[in-house]
Amino acid sequence: MAPRKSEGDGEEKAKPVITASTRVTRSMGCRTRSETQKNGAKPSGSATKQVKLASPKKAKRKKPAIATGRAKKGKKEEEAVEEVEKEEEKEEAEVEDPTKPKIVIEHCKQCNAFKTRAIQVKEGLEGAVPGVTVTLNPEKPRRGCFEIRKEGGETFISLLEMKRPFAPMKALDMEEVIEEIINKIK
């Protein structure tokens, strides 16, 4: 940056502008790069050290947990955990009864068409057969798979390794499939 000219006679030389970083290095007894290059001296390790000054920006204040809503969120999470535990206890009570039929529906997660049909079958079976337990994907599903089976036994429908557009699955009339499964269970 060029030095500023004074408004006086013009004979006076303008003083160089000194920034905060040059003030700090000079007060430490160090020279700036430009000063060392002018004198022809090699810069030493201590001469190149610079001290970082704190920025004049305001520091952000942390909001209390009550203002951010995090305190309430913790309570909601605790309530959700309690609900999940209650549901697990109910499921354990249902699992203990061996007379109730257990149906497993394995559906691929590649497309929502699988999920839609699986939920349709689940709701149909639970509504028609009292006490039936229907689980969706208890394990990681196979790709392109839509399978309905009794747990540890009979397979009602098995469509494996389907490619897009999943024609065999889309050709199924899900109402008839549900009725056939209900007849086989009873």
For the stretch 99-185, how big is Rg over Rh, using alpha carbon atoms and the Kirkwood form of Rh? 0.94
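If you place +1 on the Cβ of every Lys and Arg and -1 on the Cβ of every Asp and Glu, how big does the dipole about the Cα centre of the stretch 99-185 come out, in debye to the nearest 20? Before the final figure, lay out each step's value.
Details: 15 positive and 13 negative charges, 100 e Å.
With Lys and Arg at +1 and Asp and Glu at -1, about 480 debye.
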Links that overshoot a 18 Å alpha carbon limit, given the list 140/186; 150/184; 122/163; 150/170; 102/163; 109/140: 140/186; 122/163; 150/170; 102/163
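Each value in this text was obtained by applying a stated rule to the coordinates, not by laboratory testing. The shown structure was predicted, so the numbers you read here are calculated from the model rather than taken from an experiment. When we count neighbours, we look across all protein chains shown, and the Cβ atoms used for this are built from the backbone with ideal geometry, even at glycine.
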